[in-house]
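K.L.:
Submitted below is the structure of interest, expressed as structure tokens.
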């Protein structure tokens, strides 16, 4: 059992401490409910800046926040660090790694993870970028391969170590490619004077016709221009079909030598067993109505990336972005507290992506911005969205430092050490 | 081959980027030598603060500094991240994980690692604290076990998760035990209100008659007093003889339930194959003369923790502390540049240990300090010894933050992710 004390209040179990789950839990915590918040990590992670962790521009702790600290003042919130395994809707029962729990209401805010579209090689051999651990793993690989390149006399073999292929032209792919291009320009010559930085190629493959399909055409075009100025080899309308750990192959017959492929080509919902009936056909999301309620179980709700809600304006579902998750968390809290009277309306505040040190693109309602102004906007929006005063200060200092010096001191290859044999590894 | 370019200058190969190796390399880098600096990590780590990383008080990056950044301006310094495997003294040849290299002079600054005295269970089941990876592993284990304790209904089983045994009453053991006691006092009640903090016991076992044997008797007594005030169960003259992952056994028949044993009971030199003749009997150190020269090979030197140098004042060798390593690095650089005219003289600047938030002990020449004053001294000495302006600032901010709030936001259980199958794991 999860060892949750009895309570006179209704028990609301929330799975997932991402943007959706946290925003819901924070509001319900102030009311008379017993909240059980379940996550497989003991921290909330700020996904939009994961790529900067991978680039050794930020520390993991700067974009993570311990969940327990967030709710230190709410004695009615019980946090359990465990993995939700299966729900039994008719019995209002949830099975987790640490035991079972009964709920009055269940909120599924499990988010989305990388979609490798069933390809085993993509799954096993490429680098996804959806968690802190994955970002650190990529950071270690980039730095380790640069060390290996130093002692590799053969040009072709060396290319394998230093060239990097990014797959997917959404915000993650664009921001990652831009960051790598700046690493090549500013860091490589200083840290690795023995390597020829010009030998490093950064590829960005995008299956669609343009970059940033979720944003305006103008922003997509601007991103392309910026990346090409930085030297990124952007390949539009090219589909990566195969990767064997050494070479990347495209549908058109290209073959590129690179050991590192960053996979940012799609996501799928983190599906929970027991809700097969509610699942969508595409992207493993859960069909919900405008109150985020599952169609088949009136006490189960889904919010954020895992939820698929259609409306007149969004006939194919809402975009899987932080703003939708935050707003759904807030709206559901109101509906739970006040009775279900406010159907969800998405207020699109716009979207933005940064490309390197002082360029960005932003689509805000009717206004489009680009260049330095968009970049400053991007900085502020991300800074203010971070949870925790310390994190805001540390990230701001880091960015300022990077901007002034072009040169962080975070390029550390810190390998994990195996835990002693006795240590349980329940939390994965 | 390590792929080091030809040079008209004498080639000095330095193994180890600890205090000794770095201080030597920095000085020689300004002279006409070709320096090859080898370390298995790409960073220098500040060992005296490792325990604060384990306690989630500091980030790994705050006490690490990338070696490449340190030598960005020295084109005559070649850094190779690899493990030195064996030396062939007569051929002036060194074998590493990445290939072989010839040297004119070889400096062994490989430091020391934890000594488990040959016990398999101690080696496999306890937590040592000599590297960043080990500190993070301990941090994860402490936090994970607190999560496990939450859902463990049985008192005895719960004790296994939350009690911690520290073995060794030197500075590391004393500082770690003090840190744990403060965690119990200030963090546990806030982050884990569902646990009864009083159930947590922290044991410190010391085989000798008193704590801090390397310091004055007064300081040892003061440390004991402080730890006992903090609630640490200090057990003097008790030897831990066995640990099976669940229970700790002492020579006197004590049996304590604890899954985590922190092993700070001794160190041994990181010995390099090929130098068996020069090895000491105790602690695997290398016998050197007053110029840090090996007796059997005049072009091979050892400095820092790995070196065993005796003098009238130190008939059993110098203490294995940072100050000796730094001073030997500096002295050897002078001797190499100017001819061997300055036998090493250790200037003992004293030693200190901190116990918790504002207590410390310090033995400085004839002066002994304790309490708040010693603690402020401890802060300044450690802050100024850190490499890198950013690290000094970040550590100072962190300490200030901790001091004001008693409450860091670094309590993150970040598990390593396995690298994709293709990734070479040469750097270990």
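Rule-based calculations on the coordinates, nothing more; no lab input. Keep in mind that what you see is a predicted model, and the values were worked out from it rather than measured. Cβ atoms come from the backbone with ideal geometry, glycine included; neighbour counts cover every protein chain shown.
K.L.:
Got a sec? How would A:384, B:71 order by Cβ neighbour count within 10 Å, fewest to most? Provide the component values of the computation, followed by the final result.
P.N.:
On the way: A:384 8, B:71 22.
The most exposed by this proxy come first: A:384, B:71.
K.L.:
Which whole number gives the average, over all residues in A:116-124, of C-beta atoms from other chains lying within 10 Å of the residue C-beta?
P.N.:
Details: counts 0, 0, 0, 0, 0, 3, 0, 1, 4.
Mean number of neighbouring Cβ atoms from other chains: 1.
K.L.:
With springs only between Cα atoms under 10 Å apart, run a GNM on chain A and tell me which of A:395, A:13, A:376 wobbles the most.
P.N.:
The residue that fluctuates most here is A:376.
K.L.:
From Cα pairs below 8 angstrom and at least 6 apart in sequence, can you work out the relative contact order of segment A:32-85, rounded to a whole percent? Please report the intermediate quantities before stating the final value.
P.N.:
Details: 58 pairs, mean separation 31.3, N = 54.
In percent, rounded to a whole number, it is 58.
K.L.:
Pick from A:53, A:367, A:36: which residue has the top mean-square fluctuation in a GNM of chain A where Cα pairs under 10 Å get a spring?
P.N.:
Result: A:367 has the largest fluctuation of those listed.
K.L.:
In peptide A:183-191, how many Cβ atoms from other protein chains are near each Cβ within 10 Å, on average? All intermediate terms of the calculation are to be shown ahead of the outcome.
P.N.:
Values: counts 0, 0, 0, 0, 2, 0, 1, 4, 8.
For peptide A:183-191, the averaged partner shielding equals 2.
K.L.:
Sticking with this one: Give the shape of segment A:270-368 as rounded, prolate or oblate, defined through the alpha-carbon gyration tensor: a ≥ b ≥ c are the square roots of its eigenvalues, a/c under 1.5 means rounded, and otherwise the shape is prolate if a/b is larger than b/c and oblate if not. If you can, show how the numbers build up before the last one.
P.N.:
Values: a/c = 2.38, a/b = 1.66, b/c = 1.44.
Judged from the Cα gyration tensor, segment A:270-368 comes out prolate (a/c at least 1.5, a/b above b/c).
K.L.:
Still on this model: Decide, for the protein assembly as shown, between rounded, prolate and oblate: order the square roots of the alpha carbon gyration tensor eigenvalues as a ≥ b ≥ c, take rounded if a/c falls under 1.5, and otherwise choose prolate if a/b is larger than b/c, else oblate. Don't jump to the answer; show the numbers that get you there.
P.N.:
Values: a/c = 2.15, a/b = 1.31, b/c = 1.65.
Verdict is oblate for the protein assembly as shown.
K.L.:
What list do you get for A:104, A:191, A:90 if you sort them by fewest beta carbons within 10 Å?
P.N.:
Working: A:104 13, A:191 22, A:90 8.
Fewest to most other Cβ atoms nearby, the residues stand as A:90, A:104, A:191.
K.L.:
What distance in nm separates the simple spin-label points at residue B:281 and residue B:93, each placed 7 Å from Cα in the Cβ direction?
P.N.:
If labels sit at residue B:281 and residue B:93, their model points lie 3.4 nm apart.
K.L.:
Between residue B:314 and residue B:255, what length in nm is gained on full extension when 0.36 nm per residue of separation is reduced by their alpha carbon distance? Write out the running numbers ahead of the final one.
P.N.:
Details: separation 59, 0.36 × 59 = 21.24 nm, distance 3.86 nm.
In short, 17.4 nm is gained.
K.L.:
Answer rounded, prolate or oblate for segment B:1-122, using the Cα gyration tensor with square roots of eigenvalues a ≥ b ≥ c: rounded when a/c is under 1.5, else prolate when a/b is larger than b/c, else oblate.
P.N.:
Numbers: a/c = 2.45, a/b = 1.40, b/c = 1.74.
Verdict is oblate for segment B:1-122.
K.L.:
Normalised by the number of residues in segment A:120-265, what is the relative contact order in percent for Cα pairs under 8 Å and 6+ residues apart? Please report the intermediate quantities before stating the final value.
P.N.:
Values: 254 pairs, mean separation 48.7, N = 146.
Relative contact order of segment A:120-265: 33 percent.
K.L.:
Helix A:217-229 against the longest principal axis of chain A: what's the angle in degrees, Cα atoms only, rounded to the nearest 10?
P.N.:
40 degrees
K.L.:
Find how many whole Å separate the alpha carbon centroid of segment B:182-243 from the alpha carbon centroid of segment B:274-347.
P.N.:
35 Å
K.L.:
Another question, then. Under a 10 Å cutoff between Cα atoms, tell me which one of B:387, B:303, B:15 has the largest fluctuation in the Gaussian network model of chain B.
P.N.:
Looking only at B:387, B:303, B:15, the biggest GNM fluctuation is shown by B:387.
K.L.:
What value, in deg cm²/dmol to 500, does the helix sum -39500 (n - 2.57) over DSSP H runs of n ≥ 4 give at 222 nm once divided by the residues of chain A?
P.N.:
Details: 12 runs with 130 residues, N = 428.
-9000 deg cm²/dmol, from helical runs alone.
K.L.:
While we're on this one: Would you mind calculating the relative contact order of chain A from Cα pairs under 8 angstrom and at least 6 residues apart, reporting the percent as a whole number?
P.N.:
Details: 841 pairs, mean separation 81.8, N = 428.
So the answer I get is 19 percent.
K.L.:
In addition: Once both axes come from the Cα atoms, what is the angle between helix B:19-28 and the longest principal axis of chain B, in degrees from 0 to 90, rounded to 10?
P.N.:
Once rounded, the angle reads 30 degrees.
K.L.:
If each residue's Cβ is checked for other Cβ atoms within 10 Å, how do B:263, B:401 rank with the fewest at the top?
P.N.:
Working: B:263 26, B:401 18.
So the ranking, lowest neighbour count to highest, is B:401, B:263.
K.L.:
Can I ask one more? Ignore the peptide's own chain and count Cβ atoms of other chains within 10 Å of each Cβ in A:144-152; give me the average, rounded. Mind showing how you got there, number by number?
P.N.:
On the way: counts 8, 2, 3, 10, 6, 1, 9, 11, 2.
The mean count of partner-chain Cβ atoms within 10 Å per residue comes to 6.
K.L.:
Taking the 0 to 90 degree range and rounding to the nearest ten, how far is the long axis of helix A:389-405 tilted relative to the main principal axis of chain A, both from C-alpha atoms?
P.N.:
10 degrees
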